Amino acid sequence: MRRKLVVGNWKMNGSLAVNAALLEALTTAVGTPAAASAVCVPAPYLGQCQAALTGSTIGWGAQDVSSHGGGAYTGEVAATMLVDFACTYVIVGHSERRAMHGESSELVAAKAQAALSAGLTPIVCVGETLAEREAGQTFAVVGEQLGAVLALLSEAEAARIVLAYEPVWAIGTGQTATAAMAQEVHAQLRAQLTQKQAGGVQILYGGSMKPDNARELMAQTDIDGGLIGGASLKAGDFLAIIGAAS
Ligand code: PEP
């Protein structure tokens with residue numbers, strides 16, 4: 001059985017003081033749960049997370065990475081810089097970056113490969129908009145998004161990613177895919193991964209996952225954990241979701 005993984009996406013939230021309180025609450029109470037867990041935080045706070053989380057069972061990572069190794073790319077952060085802060089994970093292709101920063105599936109693939117080359121685990125996000133779902137295009141959209149990544153990566157690289165299915169209409173809206181809806185998409189993504197000899201990859205669900213729906217979602221055969229936005233900013237909620245993943 002695949003181990004469950006619960007990852008918090010803090011997005012562009014936090015401050016040194018607010019983070020300190022949240023990290024203290026998390027490390028005090030998390031213990032050694034059955035599931036693995038991590039927080040993906042704004043890049044300036046990686047050092048703070050490294051200091052606070054080292055020695056705990058909670059890992060950490062970033063929310064984006066450059067596809068370039070280094071050089072004249074003002075504002076970008078290289079994968080090797082994330083490694084300097086002992087990151088384990090980096091989110092790539094979050095729908096907010098695809099929509100607001102025009103990131104193509106090919107760029108997301110290049111970012112995933114840059115992360116892997118540095119020894120990081122990319123959490124590759126895919127998901128359809130409401131209009132795409134209503135037009136019956138869900139499988140075509142997520143299939144294309146994952147397909148671009150699998151086309152670039154070798155089989156060995158593909159087996160090292162984490163995939164996150166995040167229906168765009170469920171992110172930050174309070175609207176969650178039902179467990180059956182999510183499982184249907186996860187099963188198709190698993191089949192696509194299997195064709196690349198990467199069927200063992202963890203596939204997370206993201207989109208308004210909360211303590212009251214986490215257990216049912218993560219009980220599905222192909223749902224191996226959660227990518228958590230809003231609820232990861234509340235220690236009690238995030239810990240409850242980690243506890244629901246077993
Ligand atoms: C996310 O941004 O990855 C996310 C899942 O957000 P939320 O949990 O707030 O819907």
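What to note about this one:
- Spatial extent of the stretch 106-185: Rg and Dmax, with the Cα atoms as the point set, Å: 13.6, 39
- Accessible surface area normalised per residue over the stretch 1-116 is 45 Å², counting heavy atoms of protein chains with a 1.4 Å rolling probe.
- Extending 7 Å from Cα along the Cβ direction at Ala151 and again at Thr57 yields two label points whose distance is 4.1 nm.
- For the listed peptides 54-66, 168-180, a ranking on the average number of other beta carbons within 10 Å per residue, highest first, reads 54-66, 168-180.
- The stretch between Ala135 and Tyr73 holds 18.5 nm of extra length on full extension. This uses 0.36 nm per residue minus the Cα-Cα distance.
- Two-decimal log10 I(q)/I(0) for the stretch 5-245, as the Debye equation yields it once each C-alpha is a single scatterer, q = 0.11 Å⁻¹: -0.51
- Listed residues Ala245, Gln63, Ala43: farthest to the positive end of the dipole of the chain (Cβ charges): Ala245
- Dipole magnitude of the chain, debye to nearest 20 (Cβ charges: Lys/Arg +1, Asp/Glu -1, about Cα centre): 420
- Ordering of 91-97, 77-83 by packing is 91-97, 77-83, highest average first (other Cβ atoms within 10 Å, averaged per residue).
- Cα centroid separation, the stretch 38-110 to the stretch 190-246 (Å): 20
- Label separation (Ser15 vs Ala159): 4.8 nm, computed from points 7 Å beyond Cα along the C-beta direction.
- Only Lys, Arg (+1) and Asp, Glu (-1) charged, at Cβ; the stretch 83-170 dipole about Cα centre in debye: 140
- Net length gained if the chain between Ala240 and Ala25 were fully extended (0.36 nm per residue, minus Cα distance): 76.1 nm
- Straight-distance crosslink candidates among lysines, where the alpha carbon sits under 20 Å from Lys196 and sequence neighbours closer than 8 are dropped: Lys111
- The label point for Ala180 and the one for Ala34, both projected 7 Å from the Cα toward the Cβ, are 2.5 nm apart.
The values are calculated or read from the model by the stated rules, or taken from the named source; none is laboratory data. For clarity, every value in this text was computed on a predicted model and none was experimentally measured. When we count neighbours, we look across all protein chains shown, and the Cβ atoms used for this are built from the backbone with ideal geometry, even at glycine. The accessibility values were calculated without ligands, DNA or RNA, using every heavy atom of the protein model including side chains. Shrake-Rupley method; radii C 1.70, N 1.55, O 1.52, S 1.80 Å.
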